[in-house]
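Report on the structure given below.
The values are calculated or read from the model by the stated rules, or taken from the named source; none is laboratory data. None of these values were measured; they are calculated from a predicted model. Here the Cβ is made from the backbone with ideal geometry for all residues, glycine too, and neighbour counts use every protein chain on show. Ligands, DNA and RNA are stripped out before the accessible areas are found, and what is left, the full protein with its side chains, is counted by its heavy atoms. Shrake-Rupley method; radii C 1.70, N 1.55, O 1.52, S 1.80 Å.
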Amino acid sequence: MLLAYAKLDTGAAVLDSTLPDDPAFGHLLAGYFPRPLRERFPDAIAGHPLRREIVATALTNRAVDVAGVTGLYRLAEETGVPAATAVRAHAIARAVFDVDRLWDAARPLDNAVPAAVQVELRAEVGRLAERGARWLLRQRDVTAEPPLPLGAVTDRFAAPVAAVRAGLPGWLLGAEAEAHAARTAQLQEAGVPAELAAEIAAAPLLPAALDLAVVAERTGAPVDLAGRVMACLAERLGLVPLRELITALPRDRRWPSMARATLRDDLALEQASLTEDVLTLRAGDDDDPRALVAGWVEGWDAAQERAAAQLADIAGGERQELAELLVAVRTLRGLRRRREARRLPRP
């Protein structure tokens, strides 16, 4: 009942927007009709008088199924965007991360794996779509009116994300690599196919692919090198335990949940900024990522050394609650390359 009402409310917002007119959703209209009709009457289908309603219904059904009863509502409320914009970002995230394929991959596992495992697979995929949508909602291309065509935004990120998906397991180091391998093995033992198990195990790390895509654009470095540098930075600075502590923060109420999400996003942003700084030191695209990070550390000035020492002090402390973690993420900014502050002109 709640799912039905969520779809009615979301569907009305989508229909009242320009989303159903985006060419990227043409496949939803064609997919509504049986194959013989699609083959014999393509022009009639394209000009169907209920074209917008059909597209809005199909788009809404999948979005709410993946996001859950309250997912899109929370996304809109917490980011301050209209409901249709939240659905748009969610649709882009699903396309970029191939979420619909992963979501549907759980269906053939009926009676082959425990139902709880199927729910877990879909929950992980749903979180991936939500985190991707939150990141996209910080991009003007997605929130501007009129927005860029959905296909243009998807094309910008699809290839880098695919490269990260393929390379990520090989980039992981230390405890993070062990955790990914253990999670993959656990899912396989439950009956999940090996390839799907590896993808689901990597899903919590995959949102970083969007940051890596931007870093690669800004620096001209290959995504593979950017990803390896980011992994080396995480190991050198102890960012994996820091991320896990943030993820473990309570989210039983609205504001603690929003604080946790904001802190996690800020950590990802700082890690991406530091990755960009390290990549400016490269001499070529074949440079050793460990050597690049080591060279970056050797070039620290006094302020950066103080920031690194403070970060280590917080990590080694007895308490790592919200206050300590907030300071830790803020401390990471002190490791960035020094940039000249913008000065206001004198009157």
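The table that follows gives values for the structure above.
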read-out: Condition met for Ala24 (touching a residue at least 40 places away in the same chain (Cβ under 8 Å) and either among the small types (Gly, Ala, Ser) or exposed (fewer than 12 other Cβ atoms within 10 Å of the Cβ) (or both)); value: yes
read-out: Near pairs, Cβ below 8 angstrom, 6+ apart or cross-chain, from segment 130-147 (free of Cβ contacts under 8 Å to residues at least 24 places away in the same chain) to any residue that is surrounded by 18 or more Cβ atoms within 10 Å (Cβ to Cβ) and part of a loop (DSSP other than H, G, I, E, B); value: Asp141/Pro147
read-out: Selection status of Arg218, open to solvent by 50 Å² or more (accessible area, probe 1.4 Å) and in contact with a Pro (Cβ under 6 Å, 6 or more places away or on another chain); value: no
read-out: Scope segment 278-330; condition farther than 22 Å from Leu173 by Cα and of a type in the set (Lys, Arg); matching residues; value: Arg306, Arg319, Arg330
read-out: Inter-residue pairs, beta-carbon under 7 Å, first over 17 Å from Ala105 (Cα atoms) and in segment 181-197, second open to solvent by less than 60 Å² (accessible area, probe 1.4 Å), 6+ apart; value: Arg183/Ala201
read-out: Hey, Asp155 free of Cβ contacts under 8 Å to residues at least 12 places away in the same chain and either open to solvent by 40 Å² or more (accessible area, probe 1.4 Å) or not charged (D, E, K, R) (or both) or not; value: yes
read-out: Residue selected from segment 52-61 under the condition open to solvent by less than 40 Å² (accessible area, probe 1.4 Å) and free of Cβ contacts under 8 Å to residues at least 40 places away in the same chain, by the criterion nearest to the chain's Cα centre (by Cα); value: Ala58
read-out: Members of segment 70-111 found to be among the small types (Gly, Ala, Ser), in a helix (DSSP H, G or I) and open to solvent by 20 Å² or more (accessible area, probe 1.4 Å), listed by number; value: Ala83, Ala95
read-out: Selection count, segment 200-215, where residues are open to solvent by less than 30 Å² (accessible area, probe 1.4 Å) and not aliphatic (A, V, I, L, M); value: 2
read-out: Pairs, first without any contact (Cβ under 8 Å) to a residue 60 or more places away in the chain and of a type in the set (A, V, I, L, M, F, W, C) in segment 277-298, second open to solvent by 30 Å² or more (accessible area, probe 1.4 Å) and in a helix (DSSP H, G or I), C-beta under 7 Å, six or more apart; value: Leu281/Gly295
read-out: Ala4 being modelled with pLDDT of 95 or more and open to solvent by 30 Å² or more (accessible area, probe 1.4 Å); value: no
read-out: Condition broken by Leu237, with the remaining ones in (1) open to solvent by 50 Å² or more (accessible area, probe 1.4 Å); (2) within 22 Å of Gly316 (Cα to Cα) satisfied; value: (1)
read-out: Qualifying residue in segment 38-51 (condition: under 25 Å from Leu121 (Cα atoms) and either out of contact with any strand residue (DSSP E or B) (no Cβ under 8 Å at 6 or more places or on another chain) or open to solvent by 20 Å² or more (accessible area, probe 1.4 Å) (or both)); value: no
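Here is a yes/no grid of residues against (1) assigned to a loop (DSSP other than H, G, I, E, B); (2) β-branched (Val, Ile, Thr); (3) open to solvent by less than 20 Å² (accessible area, probe 1.4 Å):
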residue	(1), (2), (3)
Val113	yes, yes, yes
Val119	no, yes, no
Ala123	no, no, no
Leu128	no, no, yes
Pro160	no, no, no
Gly170	no, no, no
Glu176	no, no, no
Thr184	no, yes, yes
Glu195	no, no, no
